[in-house]
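Notes for the one structure printed next.
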Amino acid sequence: MINLVIFGPPGAGKGTQSEKLIQKYGFVHISTGDLFRWHTKNDTPLGKRVKEIMNSGALVPDDITIAMLKEELDKNPQAKGFLFDGFPRTVAQAEALDRFMKENNTAIHYVVALDVSEKEVRDRIAKRRTIENRADDEEDKLNKRITEYFTKTIHVLPYYEKAGRLNTVNGIGPIDEIFARITSVIK
Ligand code: AMP
């Protein structure tokens with residue numbers, strides 16, 4: 001079993017690279033952003049709780065996010081491996097994830113951090129906005145999401161670096177080249 005975290009700012013290409021990783025390795029994909037979007041779209045009780053927060057571009061509180069993640073893990077007891085995308089975004093989430101992995105006698109084996117500059121990320125999101133029309137990508141929320149990444153989420157990196165699990169990959173270039181960089185990390 002291989003478990004991997006793909007990490008990077010909004011617009012770094014996590015979604016695109018995740019799709020390719022799933023195809024190659026058969027991971028069960030857990031994207032907390034997708035899960036939250038599903039809940040808000042379907043107006044579930046959880047969706048109602050997080051809608052405003054998501055629309056502001058802020059992070060959903062850890063207790064809510066961690067509970068949703070745990071539920072998703074429990075739904076997939078047969079998984080050969082998980083790809084975590086958009087989770088963890090705080091050290092508390094990273095600690096919870098390690099705990100959940102340990103409880104299942106496994107671990108997070110690789111953390112791949114896509115290294116993309118703030119400017120590149122802003123350019124990409126601006127482009128994506130015109131294509132996908134995602135509510136949380138509106139101009140006024142973009143700053144907030146990027147700020148959340150560079151002020152909060154970035155602190156997760158030293159947590160993994162200390163444990164020797166961090167692999168920083170240049171996230172600029174053609175999709176297939178970036179993918180090759182990622183797969184060269186996975187043994
Ligand atoms: P994403 O598509 O991963 O950028 O996520 C979209 C939004 O969902 C974020 O801006 C947050 O409001 C929320 N979200 C997704 N994942 C997390 C997480 N791990 N912790 C807190 N909030 C999250």
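The values are calculated or read from the model by the stated rules, or taken from the named source; none is laboratory data. Not measured: the values here are computed from a predicted model. Heads up, the Cβs are rebuilt from the backbone with ideal geometry, glycines too, and the neighbour counts pull from every protein chain shown. Surface accessibility is based on the protein's heavy atoms, side chains included, excluding ligands, DNA and RNA. Shrake-Rupley method; radii C 1.70, N 1.55, O 1.52, S 1.80 Å.
Filtering segment 37-47 to residues that are closer than 17 Å to I66 by Cα and open to solvent by 100 Å² or more (accessible area, probe 1.4 Å) leaves W38, P45. With respect to the conditions (1) open to solvent by 10 Å² or more (accessible area, probe 1.4 Å); (2) over 26 Å from G173 (Cβ atoms); (3) modelled with pLDDT of 90 or more, A135 falls short on a single one, namely (3). Report, by residue number, each residue of segment 102-121 that is in a strand (DSSP E or B) and open to solvent by 40 Å² or more (accessible area, probe 1.4 Å). Scanning segment 102-121 gives a single hit, D115. The number of residues in segment 92-107 that are within 14 Å of the ligand (Cβ to nearest atom) and among the aliphatic types (A, V, I, L, M) comes to 4.
Counting only residues that are more than 10 Å from the ligand (Cβ to nearest atom) and either open to solvent by 20 Å² or more (accessible area, probe 1.4 Å) or without any contact (Cβ under 8 Å) to a residue 12 or more places away in the chain (or both), segment 80-91 holds 2 of them. Residue count for segment 166-187 under the criterion of being assigned to a loop (DSSP other than H, G, I, E, B), touching a residue at least 24 places away in the same chain (Cβ under 8 Å) and open to solvent by 40 Å² or more (accessible area, probe 1.4 Å): the result is 1. Could you list, in sequence order, all residues of segment 72-101 that are farther than 28 Å from D176 by Cα and part of a loop (DSSP other than H, G, I, E, B)? K75, N76, P77, Q78, T90, listed by residue number. Filtering segment 151-161 for residues that are closer than 23 Å to I22 by Cβ, assigned to a helix (DSSP H, G or I), within 17 Å of the chain's Cα centre (by Cα) and at pLDDT below 95 leaves a non-empty set. Taken over segment 148-165, the residue count meeting the criterion of being small (G, A, S) and open to solvent by less than 40 Å² (accessible area, probe 1.4 Å) is 0.
Conditions (1) in contact (Cβ under 8 Å) with a residue 12 or more places away in the chain; (2) open to solvent by 70 Å² or more (accessible area, probe 1.4 Å); (3) more than 13 Å from the chain's Cα centre (by Cα); (4) closer than 26 Å to K162 by Cβ, marked per residue:
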{"position": "V50", "(1), (2), (3), (4)": "yes, no, yes, no"}
{"position": "M54", "(1), (2), (3), (4)": "yes, no, yes, no"}
{"position": "L59", "(1), (2), (3), (4)": "yes, no, no, yes"}
{"position": "D62", "(1), (2), (3), (4)": "yes, no, yes, yes"}
{"position": "M68", "(1), (2), (3), (4)": "yes, no, yes, no"}
{"position": "L97", "(1), (2), (3), (4)": "yes, no, no, yes"}
{"position": "F100", "(1), (2), (3), (4)": "yes, no, yes, yes"}
